[in-house]
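Peer 1: Just passing along the structure, written as structure tokens.
The values are calculated or read from the model by the stated rules, or taken from the named source; none is laboratory data. Everything numeric in this text was worked out from a predicted model, so none of it was measured. Backbone-built Cβ (ideal geometry, glycine too); neighbour counts: all protein chains shown.
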Amino acid sequence: MRNISSLSRLTTTVTRSTSQIPRTQSCLYWRHISSSSSTRSTAATPNTDSTVSALEPPPAGGHLPSITSSALLKHTREQSLKTPGILWADAELDEARGASSLSFATTGRETRKMNMYQAIRDALSTALSTDDSAIVFGEDVAFGGVFRCTHGLAEEYGRERVFNTPLTEQGVVGFGIGYASMGSKLGDSTLGGRGMGGTAIAEIQFADYIWPAFDQLLNEASKFRYRSGGQFNVGGLTVRCPTMAVGHGGLYHSQSPEGFFMGVGGLKVVIPRSPLQAKGLLLSAIRDPNPVVFMEPKILYRSAVEQVPTSDYTLPLGRAEILTTGSDLTVVTYGTSVYRCEQAIHLLTHPPQGSGIERTVKDALGDWRRGTGKNMSSSPSIELVDLRTILPYDLPLVLRSLSKTHRLLIVHEGPTTGGVGMQIAGDVVSGLALTTREENSIGEDMRRMRKEAFLGLEAPVKVIGGWDTPGVALQYEKFYIPDEVRILDGMLELLAY
Amino acid sequence: MSSLARLRLPRRVARIPFIRTIQTTADTTQLQDNAHETEPFWVKIHEDSFQTYNCDKPELDVKVTKNELLHMYRQMQTMRRMEMAADALYKAKMIRGFCHLAIGQEAVSVGLEHGITKNDKVITSYRCHPLAVLRGGTIQGVIGELLGRQIGMSHGKGGSMHIFTPSFFGGNGIVGAQVPLGAGIAFAQKYTEEATCTFTLYGDGAANQGQVFEAFNMAKLWDLPCVFVCENNKYGMGTSAERSSSNTQYFTRGDKIPGLQVNGMDIIAVKQSVEYARRWTVEDKKGPLLLEFVTYRYGGHSMSDPGTTYRTREEVQRMRSTQDPIRGLQRYIEEWGLASEQELKQIDKEAKSTVDNAVEEAKASPIPDTKDLWTDIYYAGTEPPFMRGREREEIHHY
């Protein structure tokens, strides 16, 4: 189960075979699919042999544009430094010097090409070098971790700060909570700042192994501040764990457990989508004065490559990000699914010519145009939202977007029932719309927003998630994970509703 | 079951001579020289007060002072009065929810406090009221918390199991969950090179939790200044130690961690062992140590347990009359001529009135404000946009 050499290879390939497109589901607009089993490969990678036999393994990286070529990744230094919401650690110094931090950001800073595990390593290194109380521990972290996220940290910062723990998840998180509670109190503290105790950065080797520690996270970490009336806290605790599917992880290495954390007030759950995001969000999570579970989509460790600023910066927690603006449909997602949604949008706007997909899209968009009174040349624009912080999530942004688009699709890998998507759907349509209170902290009229979002709905809120099976079965993993076909189908269904 | 019991009975009878149970008599300590009014003097603890596992016995000769013994007496008496007051308030339905009392176990909490320094850390299970007071809290703070009032040490948000002071990391409601936390706290002490240690308390019931062994392993692996303290009151809820544990010698269950079993009914032995453990972890830096205090709770596990369904009334009565820690200390004080019965009665009276006054003060405190429902969830300024309230119309925006 914990064979390291095989685990570290888990991330190396994404294999999605065109012959395994799910056809058994009730796809409203998927009438032509049976005649188009090779269309996706022609659409995505023209050089792929479309006559490839079903017996032959698909090319590494799959048939669609790979994550690496995603337009959502910052491939240049310029793009990287202009990342929205980026907060440079030395920005205050900069302002004190009288210089505009923005100008320095775009002129004076370095970026380096990193994949996600390198960016996470960079964030951990930054945390260790800027905070003497920071310790990094977990199973096998001292020799680099099974995904190499802590590679070389033990040598650089000492084995008393970066160390292996026994295979004891419950013990590891309990240990981290104890360390983080030490010195924590209101006002100044002996270890971290903002009333925090020690900075404990624990790693659970896979999110699938977090369950023994769930009690510690739920009953100790999330409640420590509340039940002590603010006398103690474990704000310095960050629990990192690789999450989501890799294509062949199976029941114990491909789960997405974030939905189970939705009811745990006091805890934060963060899932980044890219190297640049991972570094900024992880540093935020480590410095955030609340306990944070930081889940890293393990397929992205190697496949997502981006220009990442080398200096110390953070990205805000609790804030979603609009990746592409649109006016006809809001797609809310996070983690690996961001790229599948991007690919689905690509299929929607550029359906492969002459394929079943093209006919399906054409039919659906015809319905959409008729239903909305659009002219024949108009095509829908999709607003893609990366949630980033799953708990507490950015409901105002979702409502703002929904007031504009009137259609909402939520996509994630975790099980649908009791999952994040159902929570968001529930929040949008629940009695919260009737609140009499007027303004939220940034002065928005939440009542009006809720009302507009709810009354303006042109279609039911749709959730595309994993199936409610006991887990991600090895051979069914491709069917379990919402792929671009299922997402496209959902988008068409909502547009034509 | 009945056939099992028949089969087992002869075996248990046969085993009894081989089980060496510790003497928990509370008054076997002997005076060694003349008891002084002001100067410290020496007493000798009974040699059966300690059993060891891979370590030497603590010294049996202990230096004590009159003031300290009287102070211990006053504290034990006050703690018992406080727990009795909680019992009465619970039965009057003023305290609701869960409530675990430590009546009978006073020598452990008070003895522990006398053996450690202010800067040492303590974390324990849900049976936490006396430790919360002794570690810098107040009686009105504890009773107020039980009553759910603003004066409570967690402002009424915690209740019985959730009381903290800067050096006391709380009662913890989940059986055994505080033990790995104790290891983490001890790691922080080692990391910051503080000359302090952590006393991590748990019960004989929690001793069978998996995470207790996880914490043992980490503490020994990294030689953390952590003293694991098993408060063995012989029953994990309604199950006796013999029925729940294959090895009831809890002080031997740390594997490579040396252990010391202590008569937890004799406060002088408790204090001596705590000082020994502190030297072991802090001064001699020998890593963790396991202490087992053999003690007894007179009441039920919690308020809903009468405490008489799994043990006989006679057993409880016998413990009360022969091994009570307060009576034991009282006998020393009287026999060694440190105070008269009259003077001790006066202390009892003062303890009662201290507690009565605190109870009145706690009762007078208001219940928490509605707004506090939403505070202390996330660090101020980092909250989500809103939290739902008690009814449909009530949404709290941060």
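Peer 1: Do you know which of the residues in region B:215-254 that are of a type in the set (D, E) and either at pLDDT 95 or above or outside the structural domain of B:Y73 (by TED's automatic domain parsing) (or both) is farthest from B:Y310 (Cα to Cα)? Walk me through how you get there before you give the answer.
Peer 2: Looking only at region B:215-254, we keep the residues that are of a type in the set (D, E), and these are B:223, B:231, B:242.
So of that shortlist, the ones also either at pLDDT 95 or above or outside the structural domain of B:Y73 (by TED's automatic domain parsing) (or both) come out as B:223, B:231.
On the way: B:D223: 39, B:E231: 19 Å.
Of everything passing the filter in region B:215-254, B:D223 is farthest from B:Y310 (Cα to Cα).
Peer 1: Hey, among B:L329, B:L291, which residue is under 18 Å from B:G259 (Cβ atoms) and in contact with a helix residue (DSSP H, G or I) (Cβ under 9 Å, 6 or more places away or on another chain)? Steps first, answer last, please.
Peer 2: Details: B:L329 fails: under 18 Å from B:G259 (Cβ atoms).
Going through B:L329, B:L291 in turn, just one is under 18 Å from B:G259 (Cβ atoms) and in contact with a helix residue (DSSP H, G or I) (Cβ under 9 Å, 6 or more places away or on another chain): B:L291.
Peer 1: Among the residues of region A:145-160, how many are touching a Phe, Trp or Tyr at 6+ places or on another chain (Cβ under 9 Å) and either hydroxyl-bearing (S, T, Y) or more than 8 Å from chain B (Cβ to nearest Cβ) (or both)? Outline the logic, then answer.
Peer 2: Of region A:145-160, the ones touching a Phe, Trp or Tyr at 6+ places or on another chain (Cβ under 9 Å) are A:145-151, A:154, A:160.
Still in the list and also either hydroxyl-bearing (S, T, Y) or more than 8 Å from chain B (Cβ to nearest Cβ) (or both): A:145-151, A:154.
Qualifying residue count for the region: 8.
Peer 1: Going through region B:59-73 one residue at a time, which ones are closer than 22 Å to B:V294 by Cα and either without any contact (Cβ under 8 Å) to a residue 12 or more places away in the chain or in contact with an Asp or Glu (Cβ under 8 Å, 6 or more places away or on another chain) (or both)?
Peer 2: Selection gives B:L60 alone.
Peer 1: Select from region B:332-358 the residues that are more than 11 Å from B:Y73 (Cβ to Cβ), hydrophobic (A, V, I, L, M, F, W, C) and more than 23 Å from the chain's Cα centre (by Cα) and list them in ascending order.
Peer 2: Passing the criteria: only B:W336.
Peer 1: Give the residues of region A:201-221 that are within 24 Å of B:T375 (Cβ to Cβ), facing chain B (nearest Cβ under 9 Å) and of a type outside the set (D, E, K, R), sorted by residue number.
Peer 2: A:Q216, A:N219
Peer 1: For region B:388-398, what are the residues that are assigned to a loop (DSSP other than H, G, I, E, B) and at the interface with chain A (Cβ under 7 Å from one of its Cβ atoms)?
Peer 2: Passing the criteria: B:R392, B:E393, B:Y398.
Peer 1: For region B:179-225, enumerate the residues that are more than 8 Å from chain A (Cβ to nearest Cβ), part of a helix (DSSP H, G or I) and out of contact with any Cys (no Cβ under 6 Å at 6 or more places or on another chain).
Peer 2: B:K190, B:A206, B:N208, B:V212, B:F213, B:F216, B:K220 - these are the residues of region B:179-225 that are more than 8 Å from chain A (Cβ to nearest Cβ), part of a helix (DSSP H, G or I) and out of contact with any Cys (no Cβ under 6 Å at 6 or more places or on another chain).
Peer 1: Report yes if A:L457 is outside the structural domain of A:R273 (by TED's automatic domain parsing) and either modelled with pLDDT of 95 or more or out of contact with any Leu (no Cβ under 8 Å at 6 or more places or on another chain) (or both), otherwise no.
Peer 2: It is false that A:L457 is outside the structural domain of A:R273 (by TED's automatic domain parsing) and either modelled with pLDDT of 95 or more or out of contact with any Leu (no Cβ under 8 Å at 6 or more places or on another chain) (or both).
Peer 1: Could you please let me know if A:T314 is polar (S, T, N, Q) and away from chain B (no Cβ under 14 Å)? Before the answer, list the steps.
Peer 2: Working: polar (S, T, N, Q): yes; away from chain B (no Cβ under 14 Å): no.
Here the answer is no, as A:T314 does not meet what is asked.
Peer 1: Now a separate question. Contact list please: Cβ distance under 7 Å, first residue in region B:337-348 and surrounded by fewer than 12 Cβ atoms within 10 Å (Cβ to Cβ), second residue in a helix (DSSP H, G or I) and not β-branched (V, I, T), pairs at least six apart or on different chains.
Peer 2: Here the result reads B:E341/B:E334, each pair linking region B:337-348 to a residue that is in a helix (DSSP H, G or I) and not β-branched (V, I, T).
Peer 1: Continuing with the same structure: Quick one: B:P384 ticks every box in (1) surrounded by fewer than 19 Cβ atoms within 10 Å (Cβ to Cβ); (2) free of Cβ contacts under 8 Å to residues at least 24 places away in the same chain bar one, so which box is it?
Peer 2: If we test B:P384 against (1) surrounded by fewer than 19 Cβ atoms within 10 Å (Cβ to Cβ); (2) free of Cβ contacts under 8 Å to residues at least 24 places away in the same chain, just (1) comes out false.
Peer 1: Here is a follow-up. Filter region B:58-115 for residues that are at positive phi and surrounded by fewer than 23 Cβ atoms within 10 Å (Cβ to Cβ); which is farthest from the chain's Cα centre (by Cα)?
Peer 2: B:K93
Peer 1: Of all residues being among the polar types (S, T, N, Q) and in contact (Cβ under 8 Å) with a residue 24 or more places away in the chain in region A:222-258, which is farthest from the other protein chains (Cβ to nearest Cβ)? Just the residue, please.
Peer 2: A:S254
Peer 1: Checking the condition assigned by TED's automatic domain parsing to the domain that holds A:R109 and assigned to a loop (DSSP other than H, G, I, E, B), which residue from A:A285, A:A245 passes?
Peer 2: A:A245
Peer 1: Residues that are of a type in the set (S, T, Y), surrounded by fewer than 18 Cβ atoms within 10 Å (Cβ to Cβ) and away from chain B (no Cβ under 14 Å): does region A:329-344 have at least one? Break it down stepwise before answering.
Peer 2: Looking only at region A:329-344, we keep the residues that are of a type in the set (S, T, Y), and these are A:330, A:333-334, A:336-337, A:339.
Subsequent filtering for residues that are surrounded by fewer than 18 Cβ atoms within 10 Å (Cβ to Cβ) retains none.
No - not one qualifying residue is present in region A:329-344.
Peer 1: Taking region B:109-152, which residues are closer than 22 Å to B:A183 by Cα and of a type in the set (D, E, K, R)?
Peer 2: Scanning region B:109-152 gives B:E113, B:K118, B:D120, B:K121, B:R127, B:R135.
Peer 1: Name the helices (runs of 4 or more DSSP H) wholly inside region A:54-171 in which the number of residues that are at pLDDT below 95 and not hydroxyl-bearing (S, T, Y) is 2 or more.
Peer 2: Result: A:77-81, A:91-96, A:101-107.
Peer 1: Residue by residue through region B:46-73, note down the ones that are within 18 Å of B:Q330 (Cα to Cα), among the charged types (D, E, K, R) and touching a Ser or Thr at 6+ places or on another chain (Cβ under 9 Å).
Peer 2: The one that is within 18 Å of B:Q330 (Cα to Cα), among the charged types (D, E, K, R) and touching a Ser or Thr at 6+ places or on another chain (Cβ under 9 Å): B:K66.
Peer 1: Do you know which residues across region B:165-178 are more than 10 Å from B:T124 (Cβ to Cβ) and either more than 7 Å from chain A (Cβ to nearest Cβ) or not hydrophobic (A, V, I, L, M, F, W, C) (or both)?
Peer 2: The answer is B:T165, B:P166, B:S167, B:G173, B:V175, B:G176.
Peer 1: Being within 11 Å of chain B (Cβ to nearest Cβ) and out of contact with any Lys or Arg (no Cβ under 6 Å at 6 or more places or on another chain) is the filter here, so list the residues in region A:129-144 that pass it.
Peer 2: A:D132, A:S133, A:A134, A:F137
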